[in-house]
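These notes concern the structure reproduced below.
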Amino acid sequence: MARITFQKLDDHSPLFWGLLAMHAIVIAVGLGAVWYMEHHGHIVTGMNNAVVWGTPHVFAVFLIVAASGALNVASISSVFNRLAYKPFARLSGLLAIALLAGGLAVLVLDLGRPERLTVAMTTYNFKSIFSWNIYLYTGFFAIVAVYLFTMMDRGASKNPALNKAAGWFAFVWRLALTTGTGSIFGFLIARELYDSALMAPLFIAASFLYGLAFTVLVLFTMCRETRQALLSEEMVSSFRGLLVIFALAVLYFTIVFHLTNLYAAEHWKAEMFILRDGGIYTLLFWVGHILVGLLMPTAILLYAGTTSGKAMMSERRALTIASVLALIGGMSFMYATIIGGQAYPLDLFPGKEVSSSFLDGQVSAYAPSLPEVLLGLAGVSIAMLIVGVALKVMPFLPKGVEYDS
Amino acid sequence: MSCGDTKAGSCGGGCGCASKAGAGEALNLTGGSGVDAARRFFLKSASAFTTLALAPGVTLMAFAESTPASARPADQPVSSKNRWGLLIDAGKCADGCNDCVTACSTENGWASPVKHPATDAQWIRKLTVRDPKNGSSYSLPMMCQHCAEPPCVDVCPTGASFKRADGIVLVDRHICIGCRYCMMACPYKARSFVHEPLHDQKEHAPRGKGCVESCTMCVHRVDKGETPACVEACAKAGHNAMIFGDLNDPSSEIAKRVATYRTTRIRDDLGTDPGVYYQNI
């Protein structure tokens, strides 16, 4: 195989600077929102004593899940020896670190006492899956950094065994990380819409989908920025196939999760809530998650592979649209799962109706507040700003074929 | 406020801090500086005498009824020989009576009646339970169930949620980072998040914006050999629907009644082994 050459971004378009400036502004506004929320307390958010995790957690978990999936391309190249993916492995690792940083920033800044982060980093309860996740997240940074070093260092990159070992370690770690993230919900015994071992594989499948969608979109944005075809038509086809497989995997686990619940009479009411009666959560589940996030991307990508599909739009365009839809679906999935699972009341007395001054027995009202949304968006921008700056200072991108002007 | 703060009253029992230099021996969870037993006895006798002198009659009855526990010497750690618990007789819990809630609020300094039901703290609330099939209903107080296997303690990343050896589940406000994972995990919706800045806190029940809190079983009173405020208020109102005591002591009234009558624990199926028992539900 021909030697792969990498490049830094140096010839910047207004698009590049515009994006960087936009992300910097969004981060600044997000930090302002954090100050506002911390000063006044969470009373200025939409969260309450029933829906304790709101929109920031939707963004945070989405980004953390996507971070693990962003490592797909690097894993495929190192662990599964697919050399065609090698040129994108560096970007894959970078994106994984950046998305995780963005997600964790949101998570930390939404704490009731964010200034006690040092407490969280030094005082552990090892029975808590949250504690494990602190190790899994910080470990992920370190391992992916080492992995990137084995790819990018002049000396280390000459040793394929080193790269393979780091790749394997990162691959196993990312599976553990997403298992941990899914288990944050799966371990909650009293929440009917969470309490399932399937949360872990469901989140892993979702991570594959959202991570690859992010990778594809960043790659295509960089194609525009560099005015180079960074990935060949064969790679576009490969990504197209992978995205379909990942979307179907998410669909499979989603179906099994809900079918299992539907089979148990004790969960019918909870399932009816999310599948039929839950208002915004039902809408986001069916339209956002299933239709927009899974079925439409699958249909578009499959159609794009056919002769008539190719005549209608390029595979690149189909992949771009499908990736955007998958990410919209991902946010819908997270919202319906995280918020919907809390909005549904705890079943203190199975078979009975309960009421109280604490709003027991009622579906909890939650509406995202502006500061929450701004904090969540800041997390996305933190990730994208890290990617943008890193692409400028270090050679993460492969050199592609110049587009004809 | 930091753990071990020596300002008087800055560390309360409810916070769960193990070094209670300011708040006194009654709040010490793990032992601490020795206090002369004779002095303690004198102070206790003097306070009892004063109480008797000022408030005879009803107060005497209430005081006598609500002292099933004996004060733990300050130089002794909390012991797993005790398992503090509550027995609540829903048959005696009067509809519309909110005395236990008011007493808890007054004792611990959280606002009741609540202005914002969704966001205000409620350490204890009255639940109305109705059977939709036949329309029968009853009411009961609901608070932290002080589980032996508390999910809130399991999930807390920093260990701020913890269970004392005697079964009382608390939040250490000094290391609570406000992640709210314990609220996600609690099957009883027993915990509240402090959504707003607070003023006028009680010395023995420190609270903090951005931290999670819940019923402490009036640990500051229990350590002095007294009963929780809710139990006392229920007795004062003449309902006597709540009994506090040591479930591990076969001679205690609570243990005898739990052994004699058919009792229920809420969501017992979850295996959390709650320390709060209910009768007639």
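The values are calculated or read from the model by the stated rules, or taken from the named source; none is laboratory data. Given the structure is predicted, the values throughout are model-derived calculations rather than measurements. Here the Cβ positions follow ideal geometry from the backbone for every residue, glycine too, while neighbour counts run over all protein chains shown.
Structure notes:
- Within the stretch A:1-40, being among the small types (G, A, S) and at pLDDT 90 or above holds for A:G18, A:A21, A:A24, A:A28, A:G30, A:G32, A:A33.
- Some residue of the stretch A:282-289 being within 20 Å of A:L219 (Cβ to Cβ) and of a type outside the set (A, V, I, L, M, F, W, C): no
- Qualifying residue in the stretch B:71-90 (condition: closer than 24 Å to A:F349 by Cβ, part of a helix (DSSP H, G or I) and not β-branched (V, I, T)): no
- Residue, surrounded by the fewest Cβ atoms within 10 Å (Cβ to Cβ), within the stretch B:193-206, restricted to residues that are away from chain A (no Cβ under 14 Å) and out of contact with any helix residue (DSSP H, G or I) (no Cβ under 7 Å at 6 or more places or on another chain): B:D200
- Condition check for A:E353: without any contact (Cβ under 8 Å) to a residue 12 or more places away in the chain and surrounded by fewer than 19 Cβ atoms within 10 Å (Cβ to Cβ): yes
- Of the residues A:T215, A:T181, the single one that is within 18 Å of A:V250 (Cβ to Cβ), in a helix (DSSP H, G or I) and away from every other protein chain (no Cβ under 14 Å) is A:T215.
- Candidates B:A241, B:A185, B:A190, B:A233 - the one that is under 19 Å from the mean Cα position of the chain (by Cα), at the interface with chain A (Cβ under 10 Å from one of its Cβ atoms) and either at pLDDT 95 or above or closer than 19 Å to B:H146 by Cα (or both): B:A190
- Some residue of the stretch A:187-198 being buried (at least 18 other Cβ atoms within 10 Å of the Cβ), among the basic types (K, R) and within 14 Å of another protein chain (Cβ to nearest Cβ): yes
- Selection count where residues are away from every other protein chain (no Cβ under 14 Å) and at pLDDT below 95, scope the stretch B:207-222: 0
- Residue count for the stretch A:360-374, restricted to those that are closer than 26 Å to A:F59 by Cβ and within 13 Å of chain B (Cβ to nearest Cβ): 6.
Residues checked against (1) modelled with pLDDT of 95 or more; (2) under 27 Å from A:M394 (Cβ atoms); (3) not acidic (D, E); (4) not in a loop (DSSP other than H, G, I, E, B):
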site: A:S68; (1), (2), (3), (4): yes, yes, yes, yes
site: A:L95; (1), (2), (3), (4): yes, yes, yes, yes
site: A:V106; (1), (2), (3), (4): yes, yes, yes, yes
site: A:G112; (1), (2), (3), (4): yes, no, yes, no
site: A:F126; (1), (2), (3), (4): no, no, yes, no
site: A:S131; (1), (2), (3), (4): no, no, yes, yes
site: A:I134; (1), (2), (3), (4): no, no, yes, yes
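- For the stretch B:34-49, the criterion of being out of contact with any Cys (no Cβ under 8 Å at 6 or more places or on another chain), at pLDDT 75 or above and exposed (fewer than 13 other Cβ atoms within 10 Å of the Cβ) is satisfied by no residue at all.
- Looking across B:V114, B:V78, one residue alone is more than 23 Å from B:C234 (Cα to Cα), surrounded by 13 or more Cβ atoms within 10 Å (Cβ to Cβ) and modelled with pLDDT under 95. It is B:V78.
- Residue pairs meeting the criteria (Cβ under 8 Å; at least 6 apart or on separate chains; first on the phi > 0 side of the Ramachandran plot and at the interface with chain A (Cβ under 8 Å from one of its Cβ atoms), in the stretch B:146-165; second assigned to a loop (DSSP other than H, G, I, E, B) and not aromatic (F, W, Y)): B:G159/A:T123; B:G159/A:N125; B:G159/B:D172; B:G159/B:I175
- Within the stretch A:125-145, being more than 15 Å from A:L175 (Cα to Cα) and surrounded by fewer than 17 Cβ atoms within 10 Å (Cβ to Cβ) holds for A:F126, A:K127, A:A142, A:A145.
- Number of positions in the stretch B:247-272 that are farther than 23 Å from B:V222 by Cα, away from chain A (no Cβ under 11 Å) and surrounded by 16 or more Cβ atoms within 10 Å (Cβ to Cβ): 1
- If only residues of the stretch B:115-128 that are more than 19 Å from the chain's Cα centre (by Cα) and farther than 10 Å from B:S192 by Cβ are counted, the one that is farthest from the other protein chains (Cβ to nearest Cβ) is B:K115.
- The combined condition, being touching a residue at least 40 places away in the same chain (Cβ under 8 Å) and on the phi < 0 side of the Ramachandran plot, is not fulfilled by A:G139.
- Number of residues in the stretch B:117-138 that are of a type in the set (K, R) and surrounded by 20 or more Cβ atoms within 10 Å (Cβ to Cβ) equals 2.
- Scanning the stretch B:153-169 for residues that are within 30 Å of B:C97 (Cβ to Cβ) and touching a Lys or Arg at 6+ places or on another chain (Cβ under 7 Å) yields B:D166, B:G167, B:V169.
- Restricting the stretch A:1-55 to residues that are under 30 Å from B:M183 (Cβ atoms), among the aromatic types (F, W, Y) and touching a residue at least 12 places away in the same chain (Cβ under 8 Å), the residue that is surrounded by the most Cβ atoms within 10 Å (Cβ to Cβ): A:W53
- Residues in the stretch A:147-176 that are without any contact (Cβ under 8 Å) to a residue 60 or more places away in the chain, assigned to a helix (DSSP H, G or I) and more than 20 Å from A:L104 (Cα to Cα): A:L148, A:F149, A:T150, A:A156, A:S157, A:K158, A:P160, A:A161, A:L162, A:A165, A:F169, A:V172.
- Picking from residues in the stretch A:9-52 that are within 14 Å of chain B (Cβ to nearest Cβ) and in contact with a Gly (Cβ under 8 Å, 6 or more places away or on another chain), the one that is farthest from A:P345 (Cα to Cα) is A:E38.
- In the stretch A:74-89, the residue that is surrounded by the most Cβ atoms within 10 Å (Cβ to Cβ) out of those that are part of a helix (DSSP H, G or I) and touching a Lys or Arg at 6+ places or on another chain (Cβ under 9 Å) is A:A74.
- Residue count, the stretch B:105-114 (criterion: more than 13 Å from every other protein chain (Cβ to nearest Cβ) and outside any loop (DSSP other than H, G, I, E, B)): 3
- Any chance B:R180 is within 14 Å of A:N49 (Cβ to Cβ) and charged (D, E, K, R): yes
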